[in-house]
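For reference, the structure discussed in these notes is given below.
Rule-based calculations on the coordinates, nothing more; no lab input. This one's a predicted model, so the numbers in the text were calculated from it and none came from an experiment. Every residue, glycine as well, gets a Cβ built from its backbone with ideal geometry; the counts of neighbours run over all protein chains shown.
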Amino acid sequence: MVATAIGGLNVAQTVEGLERYPINLRYPQDYRDSPEQLKLLPIVTMSGQRIALADVANIYVEEGPPGIKSENARINGWTYIDIEGIDIGSYVIKAQEKLANDLSLPAGYSITWAGQYEYMERAKAKLTYILPLTLAIIIVLLYLSFRSFAEVAIIMGTLPLAMIGGVWLLYLEGFNFSVAVGVGFIALAGVAVEIGVLMLVYLNQAYIHAKNQCDQQNQCFDQIDLIKAIIQGAGMRCQ
């Protein structure tokens, strides 16, 4: 009776799409929110008599042994925080500044930030060397493909424009920077470089073709021919 009426009993399960939730049956809160109310819980005996829980049990509050949490051989306590309208990194920075100014810890005490912030810091530490390494690999592969630092610089010059577009999209959509966003920027850099390579290949082909035609016709390759070659190469890329 105590386990069912106070603790609750799962009697069924509701299915909502891919989610499943147990249906728990127990007495309302008003019947079990104090020892006095628990004493009055109605019980029906096997013979059909109606009695109160206090008739067959002693209801009282007793303090048990305290639970001690420890980590790294040090006693600790946890404070759970839910945030809204701000990214976890900015919130922790502001909270650290507030605690540094207003909180004086006794000797032997310390504060550690864990949870999603800890995961974010680990990912940020990895991104600090993954991003430069990714750019270095891209530059090496581009140079091995074109054998020209000028063409590599042209392609790499498209990256800031692509990144600026991504930053504007984050701002307009109200997104906060996260690990997923950082990985997305890496993918964006790869796509921007890929498109730049394709465009440069078609432009080079159109330039060489136009220059060969001018040489065959004994004409000077001037700025107008260069503009026509650029337009033709860009059109070939779009096709």
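Can you give the local net charge around residue 167? Use residues other than it whose beta-carbon is closer than 15 angstrom to its beta-carbon, Lys and Arg +1, Asp and Glu -1.
Result for the local shell: -2.
How large are Rg and Dmax for region 105-195 when only the alpha carbon atoms are used, in Å?
Rg then Dmax for region 105-195, in Å: 18.1, 63.
For 156, 163, 46, what ranking results if the residue with the fewest other Cβ atoms within 10 Å of its Cβ goes first?
By the 10 Å Cβ count, ascending, the order reads 46, 163, 156.
What relative contact order, as a whole-number percentage, does region 2-55 give when Cα pairs under 8 Å and 6 or more residues apart are counted?
23 percent
For residue 62, put the label point 7 Å out on the Cα→Cβ axis and report which residues of region 1-43 keep their amide N under 16 Å from it.
35
If I build a Gaussian network model for the chain, linking alpha-carbon pairs within less than 10 angstrom, which residue out of 23, 164, 137 has the largest mean-square fluctuation?
Of 23, 164, 137, the most mobile in the Gaussian network model is 23.
Would you please give the FRET efficiency between residue 188 and residue 153, computed as 1/(1 + (r/R0)^6) with r the Cβ-Cβ distance and R0 = 22 Å, to the nearest 0.05?
Values: r = 19 Å, r/R0 = 0.88.
Between residue 188 and residue 153 the formula returns 0.70.
Is it possible to state the helix-based mean residue ellipticity at 222 nm for the chain, with each DSSP H run of 4+ residues giving -39500 (n - 2.57), the sum divided by total residues, to the nearest 500 deg cm²/dmol? What is it?
After summing the helix terms and dividing by the residues of the chain, the value is -18500 deg cm²/dmol.
Determine the sum of side-chain charges near residue 142: Lys and Arg each +1, Asp and Glu each -1, restricted to other residues whose C-beta is under 13 angstrom from that of residue 142.
Local net charge: -1.
Grab the Cα-Cα distance for residue 99 and residue 211, subtract it from 0.36 nm times how many residues apart they are, and report the gain in nm with one decimal.
33.4 nm
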